[in-house]
DNA sequence: CTGAAAGCGCTTACAG
DNA sequence: CTGAAAGCGCTTACAG
């Protein structure tokens, strides 16, 4: 592959001049510029980003570590993150932690070794020593969706409190009193907050949330299945199951169906995180939708601010309730846009 | 961040010795090794991958360009690609083309500028001049799923011919004679091959495939919707719609529902590419499943072979039919594993 | 076994 | 406006 030296030789100038032309430095004569550009064209020259990065100490690359690529919520987040990053002149490298803390650490380490300019993380756990070191070590970092208390970096996330309240009120209005929740891992903030918001909303309506109605999940389908089986085996099973993410809702649906029960007639179902497929499930699933695109954009902008020396903003955006048939509510007429 | 010089100073050796220890070069004294390792530990030193890449002219990085991350088929492919690559000591950078050729070129260019060691591509189109240049220019490259005739690189893909034949026989057995297909973009191989396999299978059973029963799609849901609306407006609408990918099947389902028709009673539906959600749609969707994990692994291995100077293998694996309710077949008892 | 030195491909003060 | 030179952080023949 042609190097800057080859271009300089071809154009009859020094490599410094070539570099200046390539970086649009103002003080280059029109003639030199033309000759360089012609040489670049003739040789099909492309600057070596590795060399440039070594020299400038910046890679124009962002790392994005998410907990599970197979979860459509994160896939969508990643897609919008890349889009916004591209608009700001950055590439992004995605690391998929698969909800495994050690894999998360592996990706963080790899990304740091590659000297990415900044890190966007949706932590799979309560925060490894490594993540703490990275944050303290001065690598620009922003949490998105999930965050870790005690690590002082900007957080961009959705607040589901209002939407959960709406959901509980909706279910209460339909006459339901026994509501159960499948929680996410206690080590994640989204795991806890959703349970708290739920408990709070229940309390507001004078409803109890017994421990037996709190299932422990890990954001994966299988755990939703297990938790739901346990609910259904109870002497007094719940009338509603609320899953703290979409995959666990799918597991819940499996378990309910395996028991030969119908949704919502025998038991109602709702989920945190709305995804296009929920319109097409049997029945369509009531969900709490996050403003994913806006979150992604805000997170990238906060990270770019941090990298480029501006003051970053933590952002919290409200989630909203989308009622569909699974909760026994009116079917909405929604269509998938994809 | 500490550099190799700092480590050398701390350990009281030269940078050459530090480098040798880090790269497990045999000729280093036990004592030097111990001192270097201690210094590395003390300083929390991590080698700068950018500098190493510049010097060694290899990045231990693979580029993966897929046509649409939001399509669960590609998400899954990407996941397994990363897994296998990691096992072989490579990182992967994903570029999402969003089915847009110019975005695909953008990602290819960026990846080449970063001097990735090899490129895995599932082309969104018939092949840009850039892609041709890259292949010719000596960058190790492998096509996965989709490929481009005339670009001579290994291809790893699924062969759906048998499964499509099974599908058509299944539908024929249920008494259906008027089968329609929603094709993918003519510029993609998977777009064409699936139509050809379908036509072939129909011919084998003495069935005609009139042009009106071939809808033109682009692998996105909206195009599946449009094509299906057109089918349904026909004087003699088809009894079955077969979508050449999962997203178009979703669009078809939308269109059918919007007309107030039921699947499979009023019209049957099947799709190429099986995804976990198809178990949960209303009704569950009959699909042709690709061995995604195996394809991903074979593709990465072929690329690694190419990079490391071994002889790569093109691989074709059979897809298989999974019958569910949407085709009017027996419901299978399948569960989502996630 | 070890170190001094060259060099990967760039960018950027510095001097002119 | 331009070029020679230093240097980013590594690796690796070469000499000892």
Sort out which residues of the stretch B:202-225 are assigned to a helix (DSSP H, G or I) and either surrounded by 18 or more Cβ atoms within 10 Å (Cβ to Cβ) or within 13 Å of chain A (Cβ to nearest Cβ) (or both), and write them in order of number. B:202, B:213, B:221, B:222, B:223, B:224, B:225
Breaking point among (1) away from chain B (no Cβ under 14 Å); (2) crowded, with 18+ Cβ neighbours inside 10 Å; (3) part of a loop (DSSP other than H, G, I, E, B); (4) more than 9 Å from DNA strand D (Cβ to nearest atom), for residue A:45: (1)
Only residues that are within 13 Å of chain A (Cβ to nearest Cβ) and without any contact (Cβ under 8 Å) to a residue 60 or more places away in the chain: list them for the stretch B:229-248, please. B:229
So which residues in the stretch B:1-39 are in contact with a helix residue (DSSP H, G or I) (Cβ under 6 Å, 6 or more places away or on another chain) and within 14 Å of chain A (Cβ to nearest Cβ)? B:2, B:4
When you check residue B:66 against the structure, is it more than 12 Å from DNA strand C (Cβ to nearest atom), free of Cβ contacts under 8 Å to residues at least 60 places away in the same chain and under 21 Å from residue A:47 (Cβ atoms), yes or no? no
Only one of (1) more than 14 Å from chain B (Cβ to nearest Cβ); (2) farther than 24 Å from residue A:209 by Cα is not met by residue A:257, so which one is it? (1)
Failed item in (1) in contact with a helix residue (DSSP H, G or I) (Cβ under 6 Å, 6 or more places away or on another chain); (2) buried (at least 23 other Cβ atoms within 10 Å of the Cβ), with residue A:161 passing the rest: (2)
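Looking only at strands (runs of 3 or more DSSP E) that fall completely inside the stretch B:49-145, which ones have 3 or more residues that are buried (at least 22 other Cβ atoms within 10 Å of the Cβ) and facing another protein chain (nearest Cβ under 9 Å)? It would help to see each step written out before you state the result.
Numbers: elements: B:61-66, B:91-96, B:118-121, B:141-144.
Here the list reads B:91-96.
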Would a scan of the stretch A:260-277 turn up a residue that is part of a strand (DSSP E or B) and surrounded by fewer than 21 Cβ atoms within 10 Å (Cβ to Cβ)? no
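Are any residues in the stretch B:2-11 within 17 Å of residue A:112 (Cβ to Cβ) and either within 7 Å of DNA strand D (Cβ to nearest atom) or surrounded by 19 or more Cβ atoms within 10 Å (Cβ to Cβ) (or both), and if so, which ones?
Taking the stretch B:2-11 as the starting set, the residues that turn out to be within 17 Å of residue A:112 (Cβ to Cβ) are B:2-4, B:6-7.
The answer is B:3, B:4, B:7.
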Among the listed residues A:28, A:69, identify the single one that is over 18 Å from residue A:1 (Cα atoms) and under 14 Å from the mean Cα position of the chain (by Cα). A:69
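Please specify each residue of the stretch B:115-134 satisfying the condition of being within 29 Å of residue B:51 (Cβ to Cβ) and either in contact (Cβ under 8 Å) with a residue 60 or more places away in the chain or in contact with a strand residue (DSSP E or B) (Cβ under 7 Å, 6 or more places away or on another chain) (or both). Before the answer, list the steps.
Step one: of the stretch B:115-134, the residues within 29 Å of residue B:51 (Cβ to Cβ) are B:115-121, B:130, B:133-134.
Once the filter is applied, which keeps residues that are within 29 Å of residue B:51 (Cβ to Cβ) and either in contact (Cβ under 8 Å) with a residue 60 or more places away in the chain or in contact with a strand residue (DSSP E or B) (Cβ under 7 Å, 6 or more places away or on another chain) (or both), the stretch B:115-134 yields B:115, B:116, B:117, B:118, B:119, B:120, B:121, B:134.
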So which residues in the stretch A:12-36 are more than 7 Å from DNA strand D (Cβ to nearest atom), surrounded by 14 or more Cβ atoms within 10 Å (Cβ to Cβ) and either in contact (Cβ under 8 Å) with a residue 60 or more places away in the chain or under 19 Å from residue A:52 (Cα atoms) (or both)? A:18, A:19, A:21, A:22, A:36
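Between B:148, B:182, B:108, which is outside the structural domain of residue B:63 (by TED's automatic domain parsing), touching a residue at least 40 places away in the same chain (Cβ under 8 Å) and more than 19 Å from residue B:305 (Cβ to Cβ)?
On the way: B:148 fails: outside the structural domain of residue B:63 (by TED's automatic domain parsing); B:108 fails: outside the structural domain of residue B:63 (by TED's automatic domain parsing).
Result of the check over B:148, B:182, B:108: B:182.
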Residue under evaluation residue A:82, criteria (1) within 16 Å of DNA strand C (Cβ to nearest atom); (2) within 31 Å of the chain's Cα centre (by Cα), criterion not met: (1)
For the stretch A:125-146, the count of residues that are at pLDDT below 90 and touching a helix residue (DSSP H, G or I) at 6+ places or on another chain (Cβ under 6 Å) equals 2
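The values are calculated or read from the model by the stated rules, or taken from the named source; none is laboratory data. This structure is a prediction, so every number in the text was calculated from the model and none was measured. Cβ coordinates were reconstructed from backbone atoms using ideal geometry, including for glycine residues, and neighbour counts include every protein chain displayed.
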